[in-house]
Structure formats: structure tokens, C-alpha cells
Amino acid sequence: MLRRLSRSLSFRLIGIFVVLAIMFVYGTFAVLRWVYNSDELRDLISGHLSLHVSYVKADIGSPPRIDRAIAITRRVPVDIRIEGPGVDWASDPNFPAIADLEFGPSPIFSDDPGAWVDELRGVEFATWERHRFLKMREGDFDIVVATPPIADMDSGPDPILLIVGLGLFYLLLGYAAVNWLFKPIRAIRTGAAHIGAGNFDHRIRNIRSDQLGDLAADINRLAEDVENMLDAKRALLLGISHELRTPLSRMRLALEFIDSDEDREVLKAEINEMEKIVVLLLEAERLNEGHAKLHRSPIRISDLLNELLDDFFGRERERIEVRNRAGDLKVSLDEARISLLLKNLLSNALRYSPPDAGPVELSVERDGQELVFRVSDNGPGISTEQAARLGEPFYRGDPSRTRDTGGTGLGLYLATLVAKAHGGFLELKNPGESGACFEVRIPVSLDG
């Protein structure tokens, strides 16, 4: 949760607002304190307060007169208590006894540089149930002034709690506003993920008229440009592949007129390789269209494996160890393309495994709603850097390899497309280790 919040732009922006608000409040108080602490203003306020205390003492008289104290309470919203020799009077019967109040100096009234105003001499302060008390000494009498009046019991919320609650409300309101402001980011992120996965026909919807809307529109244009570029590339590749078939057919016909058997066989092998590349390119582009039609049919796994070995690996069958843990499981697959996928994986495994290094292993099992094929060899393995590029068309880990030693670089590309067309994926399970292990996972529906 904390990690998610730390990555949220809304949370960070709210954090910035909170820090700025704290800095503003602190700065405001600091400026006010500095202004109040200036000698002229501080002396002026302190003098006025001292004068008011003197006026109160003079109005009450010395010794204090109760009738004058009553007159003060009628003019000003305060209560007064007087205690001294022979006198214990209060303007309100609920006025607490002076002994029950804890009087002392106030941090606001002090000669310290950090205090708001200078200390009031001969005056002490106390608080009780949201009432503030000021005690003065006049001869042998203590005069205590209470504000607000004792009868005025404040039934409202605590001002501090009210301020904190209001601050939290504004904070939540700000978070909601910021969250609404950045709401398009989620749609942009989802759209970018779709486009990054190859769904170039996906478009970000509900674009707003602001900078985030401009960003979404730019991403949509980028996806459209990439889609048009890839379509043009596929069209060019398909066109070239189709056009190559005619000259290849003519070359095959011309071979029959070559007298040298050795030259004829060499050229025939090259023409066969070129035709193989053309066929693989056409099949790869059909699968890469995203809406390639699969010819699914009920297939028994044991029959699929037996036909694969009989048709393509009759001479090398002893080098292949099959572990069929799916038994006679029957599933709906495109048999021709799954056979092509396994053929390419097995051919690569046999090519890079020394004959004396042990057999290549082909295993198949059911894992929940997925069918899992694994092909493991005993070759040198594939480095992490090479593994990142597996599945790219015409990519070969060693650029110095020829077609005789390294293939065309289309086998894994086509196998990856076949797995994706079935809704699954192909991955290398052990990059950087000796002996490559490829795993294909395909979601299947059982049939019978």
C-alpha cells in the first residue's frame, strides 16, 4: 500500500500541497512574531495592556468595591471574583475558588525574545474549562477576571479539533480534485500497455482537452503510424515472397538442363532452402496478422507425438526421448501448426546437441487448463543477452553461422507466432545455463 502511494502522482502532489501549507502557516506566524517583537509595536501593545489592567484596578477601587465590580460585569462580558480580608465575592455563584485555579506566568506575556509581548507585572494567568482567568493583586485583595463569563459554557466543538477536521476535509477534497485531474493517466497507461503488446489498433478513448489529452492523442497517432508502417512492411514482405516463387520455379526447371550431377544437386539444395524461407515467411506473416484463422480439430496427444516423430525425425528418433504425461488426452488444436512448432524446437535442439551428449527430451503434460510442451537439449545453452532477442525473425545468436550450421533464424520466430495464435506463449526457462529448455504453454479446451 505504501509503495503504491509513493508511486502515485496524486499522493505526491497532495504531499507537496501539505508541505507548502505547513511552510505558509509557519512563515505567517514567524512574520507575525517578528512584527510583534519589533520594539515599537511590542512596547505599544504592552503599554496598552498594562494600561487596561490599571483601569480595571482603578474602576474596582482600593480596597475593591463590589458595586463597582458589578458595574464592570454589566458593561463588559466578564465575571469577577474578589477574595481578601472579610471578602469572598463572585459575580457568578459557579465561579471557581481562587485556590482551585493554577495561576502562573503566560508564555505569551514574557520578556523572552520569543514571546508575543512583554511580561505584565503583577498579573498571573490560569485556564479552566475553556475559560481564561487573569489575577491581579490590589493590597491584601486578589482580583480575578474571567472571560468568557462563567455562565457562557461553550457547547461547540473544540477550536483545535475544528481546525484539524477542516484541514483534513480540505486535504481529502484536494486529493479528490487531484485524483480527477490525473484520472486520464490510468487510461493512457492501459492504452500504452495494449499498444506495447502489439495491439496497434487499440485507441485511447475519452480524451480531455488538456495536456494529458494531448499526450493521449499523440500516443494514438504514434500507434496509427506504427500500425501503418508494419502493415506496409508486411505487404512488402508478402509481395516479395510471392514474387520470388516464380523465378524459383524457373530456376528449378533450368536445373534439369545442367549436365553436371554434382552442380545440379548443389543448386537444387540452395533452391530448396530459398523455397523453405519463402514458405516460412508467408506462414509467419499469416500468423502475425493477429486474426489468423486456426484450423482446430480434436487431436489425441499421443497420436500427435507419434506422427511428428514418424514424419520428420525417422532417422534421428533414437536421439529423442519422449515423456508423454498427458497420455491419450484429447484437445482442440491446429495440428499442422503445433507440429510445425514442435518440429522447429526439436530441430534446433538436435542441431546444437552433440550426438554423444545424451538424448534431446520432449515432454508434454497438462497443467490445469493449459497444455505444456517442453523441449530440452544438451547443447551449450543460450546467454541472457541472446535470450532477450529470441523469437525475432532472422535472428541467430552467432552472426557467423551459415544456414548449414545455424538455420535461417525463422524457426523460433514461427514457433513463437504459433504459440501466440493459440493464445499461449513460448519462453526459454534457463537463460545463461548450459542446455536450453524451451517451454510452450497453450490454453486448451478438452475434447472427449
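Key figures for this structure:
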item	result
Calculated FRET efficiency for the pair residue 182/residue 274, C-beta based, R₀ 60 Å, to 0.05	0.65
Net lengthening on full extension, residue 231/residue 175 (0.36 nm per residue, minus Cα-Cα)	15.8 nm
Gain in span if fully extended, residue 19 to residue 310, counting 0.36 nm per residue against the direct Cα distance	97.4 nm
Net charge dipole size for the stretch 144-222 [Lys, Arg +1 and Asp, Glu -1 on Cβ; Debye, nearest 20]	680
Sites residue 365 and residue 392 - FRET efficiency at Förster radius 22 Å, r taken between beta-carbons, to 0.05	0.15
R0 of 60 Å, Cβ-Cβ distance residue 151-residue 217: FRET efficiency to nearest 0.05	0.35
Magnitude of the charge dipole, the stretch 326-385, Cβ model with Lys/Arg +1 and Asp/Glu -1, debye to 20	160
Simple label model, 7 Å out from Cα along Cβ direction - residue 258 to residue 190, nm	6.0
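All of the numbers you see were taken from the coordinates with simple rules; none came from a lab. Bear in mind the structure is a predicted one, so any value in this text is a computation, not a measurement. Methodologically, a virtual Cβ is constructed for each residue, glycine included, from the backbone with ideal geometry; neighbour enumeration extends over all protein chains shown.
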